[in-house]
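> Starting off with a structure, shown below.
Coordinate-derived values only; no laboratory data. Remember, predicted model here, so these are calculated numbers, not experimental data. We place every Cβ from the backbone using ideal geometry, glycine too, and count neighbours over all the protein chains shown.
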Amino acid sequence: MSEPTDSRSSDDESDGEEGKRAPDPERVTSEVRLSGYAVASGTALGPAWYHPPISVDIDTTPLPSDAASDEEARFMQAVDRALSELKTVVDLAQNRLGRESASIFEAQAMILRDETLLQAVRDRIHMHDEHASAAVHAVLKRHRTRLEESDSQYLQERAADLRDTEHRLLRALQHREMPDTKRRHGIVVADTLSAADIIRFSQGNVLGCVSATGGPTSHAALIARALELPTVMGATNLPDHVNDRDWLLLDGSTGEVVVRPSTETRVAFQDHEASQADNRAARSAGPLYTADGTRIQMLANVEFADQYRVLAAQGAEGIGLLRTEMLFMMQSRKHLNEEVQYEQYAAAMDVLADDQPLTIRLLDIGGDKTEPATGPEMGSFLGLRGIRVLLGRPDLVEPQLRAIVRMSEQRAVRMLLPMVTTQAEVVAIHDRIDEVVDAVGLAERPANLKIGIMVEVPAVALQAEQFAEDVDFFALGTNDLTQYTLAAARNNAEVAHYADALHPAVLALMRQTVRAAQHADIPVSICGEVASDPVAVPVLLGLGIRTLSMAPPFIDRIRSVVAQIDCAEAETLAKEACAARDAKSVRTLCTEWQHAQGITQ
Ligand code: PEP
Ligand code: MG
């Protein structure tokens with residue numbers, strides 16, 4: 001792992017082509033086999049994409065007299081910048097992997113907000129006349145060394161969080177942005193990889209990762225596994241053998257890395273891949289049924305167009321939730337016009353069959369998905385969020401409505417409204433849609449356009465029968481439904497133990513929603529994280545839910561659980577769960593039930 005005082009000069013990276021490392025003629029050009037820790041299973045074959053460490057300078061010269069206050073201010077601004085960079089990573093992690101994985105980065109945010117630590121840096125600036133970079137390095141290094149010197153591998157690897165935080169702060173002090181990783185394609189090769197690096201790479205066309213340091217219990221490893229990104233870490237001789245753009249073959253299940261694989265090695269690999277693909281296809285092919293023959297639809301929650309192409313291979317039968325917030329966060333407003341949105345949504349048409357659902361959620365801005373440069377009000381979960389914002393912001397919603405309405409001329413589209421609380425909001429958006437239909441020159445609203453709501457506010461679940469009159473489908477958003485029912489903010493680690501979607505109160509709201517949907521004969525799906533929780537799935541089916549939507553990496557595992565469930569038995573379980581005292585009792589009940597039913601995960 002490289003120190004923040006990395007020896008590469010900033011010029012090394014500003015050559016206009018991030019990642020480029022000139023081939024070293026001294027190095028061997030034949031096949032080389034290396035080994036490291038098998039961190040995340042799966043294989044990858046592709047060109048190496050060298051990811052250089054970003055150099056940061058530590059200024060050890062004494063601070064001029066009278067400069068301490070300005071230096072302190074500069075430090076505090078850097079803390080804010082680092083926190084906002086981290087927020088983007090947290091959002092990405094949360095949307096791709098769920099809250100549990102995102103909490104890894106929240107831990108880093110807590111370090112950056114730790115008043116004792118901030119004060120220690122400020123003290124060094126004022127009392128030791130140190131530049132902020134030197135003070136940050138000294139303070140964080142002290143804490144980190146303690147962890148690194150521990151005998152426990154676990155604690156040693158937690159030191160990586162501190163190192164990452166320190167690096168982020170030092171970069172922020174020097175206004176050095178993370179390089180754009182979206183346009184590259186290949187296998188990432190790095191000395192060290194942080195969890196945040198892996199999350200960022202997953203936005204691009206990354207086939208796998210290999211690093212010279214790190215191990216299987218690091219946060220980076222957890223994230224790689226959750227993203228199903230084949231990864232090998234601790235391949236110690238890596239830097240000596242790999243040139244940028246050399247071909248690599250890696251096996252994340254064995255820890256083997258082949259540099260510049262020979263033709264024979266590649267042919268053997270491709271044969272192996274083909275047989276693996278056949279096995280996967282056999283597993284994920286065709287409709288999914290429970291053990292008693294009940295049809296269950298498996299849909300995907302997606303954020304990026306680059307996720308579409310692998311949906312079928314992952315066993316998804318359509319898109320149950322296309323979150324559009326990432327589009328807005330990644331693109332500047334100026335560039336996110338109707339056409340760009342249309343293209344992004346239309347890309348899904350190329351991969352989905354006509355009868356596979358495509359569910360596009362209107363921008364769920366606000367709450368923890370705050371748009372840059374908005375007032376403090378936007379950060380509140382109980383304030384302006386989702387449809388509440390959209391109804392007052394035609395500049396945001398109209399291009400999106402136009403893009404979706406135009407798409408619905410070509411194929412069936414389900415438009416999903418976020419954070420609905422009142423029927424008046426639904427009526428208002430129906431009016432807007434009609435205006436847009438008119439404005440794009442259509443005589444009437446396309447029959448292919450269905451309008452549904454997220455059921456994520458308890459009031460909506462309680463009034464589900466009335467809402468069912470005005471909409472075509474329901475999507476249970478249990479992430480929010482849980483936080484609003486149990487009064488536990490979803491991004492607050494201190495109350496995370498309250499926020500379990502299996503709490504009987506949340507189950508009761510789900511049951512009420514499902515019954516209303518059945519009564520009105522409209523579809524109901526669930527797209528909160530609980531849909532990908534193997535312990536919870538039998539209860540969800542027992543409540544009558546027949547469509548599950550989840551992050552694609554979870555589909556395979558949940559398919560296997562679903563196939564073992566008997567719906568009549570699950571219904572009995574759900575009744576008992578609804579009558580239980582608390583979430584913990586429900587979890588115990590579910591685990592015992594699965595054991596008794598012989599269900600394996
Ligand atoms: C939910 O609230 O359950 C949901 C799926 O939406 P999000 O997580 O994007 O708020
Ligand atoms: Mg939600």
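> Can you work out the FRET efficiency for the pair Met76 and Ser41, with r the C-beta to C-beta distance and R0 = 41 Å, to the nearest 0.05?
That pair, Met76 with Ser41, gives E of 0.40.
> Starting at the first residue of region 46-62, write each ³J(HN,Hα) from the Karplus equation 6.51 cos²θ - 1.76 cosθ + 1.60 with θ = phi - 60°, in whole Hz, x for Gly and Pro.
For region 46-62, the Karplus-derived couplings read x, x, 6, 10, 6, 10, x, x, 8, 6, 9, 9, 10, 8, 9, 6, x Hz, x marking Gly and Pro.
> Modelling each spin label as a point 7 Å along the Cα-to-Cβ direction, I'd like the Ala487/Ala313 distance in nm, to one decimal.
The two pseudo-label positions are separated by 4.8 nm.
> Could you calculate the contour length gain from Gln518 to Asp556, that is, 0.36 nm times the residue separation minus the distance between their Cα atoms, to one decimal place in nm?
Stretched out fully, the Gln518 to Asp556 stretch lengthens by 10.9 nm.
> Tell me, Phe75, Phe474 in order of fewest to most beta-carbon neighbours within 10 Å?
The most exposed by this proxy come first: Phe75, Phe474.
> Cβ neighbours within 10 Å, averaged per peptide: list 220-232, 435-447 in order, most packed at the top.
220-232, 435-447
> Mind listing the long-range amide H neighbours of Met233? Cut-off is under 5 Å, sequence gap 5 or more, other chains count too, H placed in the peptide plane at 1.01 Å from N.
Those qualifying (amide H under 5 Å, at least 5 residues apart or on another chain) are Tyr37, Val39, Ser211.
> Compare the peptides 242-252, 404-414, 61-71 by average per-residue count of other Cβ atoms within 10 angstrom and give them in order, highest first. Can you show the working numbers first?
Values: 242-252: 22.5, 404-414: 20.4, 61-71: 13.0.
Final packing ranking: 242-252, 404-414, 61-71.
> Given a Förster radius of 60 Å and the C-beta distance between Glu343 and Asp66 as r, what FRET efficiency does 1/(1 + (r/R0)^6) yield to the nearest 0.05?
After rounding to 0.05, the efficiency reads 0.65.
> Tell me, what ³J(HN,Hα) does each residue in region 390-404 have, in order and in whole Hz, if you take phi through Karplus 6.51 cos²θ - 1.76 cosθ + 1.60 with θ = phi - 60° and put x for Gly and Pro?
4, 5, x, 10, x, 4, 7, 7, 5, x, 5, 4, 4, 4, 6
> Using label points projected 7 Å from each Cα along Cα→Cβ, tell me how many nm separate Arg445 and Val495, to one decimal.
Rounded to a tenth, the inter-label distance reads 3.6 nm.
> How long is the gain from Arg113 to Tyr289 if the chain were fully straight, where each residue apart is worth 0.36 nm and the alpha carbon distance is subtracted? Write down the numbers at each step before the final one.
Details: separation 176, 0.36 × 176 = 63.36 nm, distance 4.84 nm.
Working it through step by step, the gained length comes to 58.5 nm.
> Among Lys584, Lys141, which comes first, second and so on when ranked by fewest other beta-carbon atoms within 10 Å?
Lys584, Lys141
> Can you tell me the length gained on complete extension of the stretch Ala428 to Thr265, counting 0.36 nm per residue apart and subtracting the Cα distance? Can you show the working numbers first?
Working: separation 163, 0.36 × 163 = 58.68 nm, distance 6.15 nm.
Additional length available on full extension: 52.5 nm.
> From the phi of every residue in region 107-115, what ³J(HN,Hα) in whole Hz does the Karplus formula 6.51 cos²θ - 1.76 cosθ + 1.60 yield, where θ is phi - 60° and glycine or proline is x?
Those phi angles translate into 4, 5, 5, 5, 4, 5, 9, 5, 5 Hz.
> Let me ask something else. Quickly work out the Ser253-to-Glu273 label distance, labels modelled 7 Å from Cα along the C-beta direction, and quote it in nm with one decimal.
1.5 nm
> Averaging sequence separations of C-alpha pairs under 8 Å and six or more residues apart, then dividing by the length of region 438-514, give the relative contact order as a whole percent.
RCO, region 438-514: 30 percent.
> Going by amide H atoms built from the backbone, whose H comes under 5 Å of the H on His131, apart from near neighbours?
Leu63
> Moving to a separate point now. Would you please give the residues with an amide H less than 5 Å from that of Ser525, counting only those at least 5 places away or on a separate chain, with H modeled from the backbone geometry?
Here the answer is Phe474, Ala475, Leu476, since their amide H atoms fall under 5 Å of that of Ser525.
> If you take the beta carbon distance between Gln466 and Arg146 as r and set R0 to 45 Å, what does 1/(1 + (r/R0)^6) give as a FRET efficiency, to the nearest 0.05?
0.15
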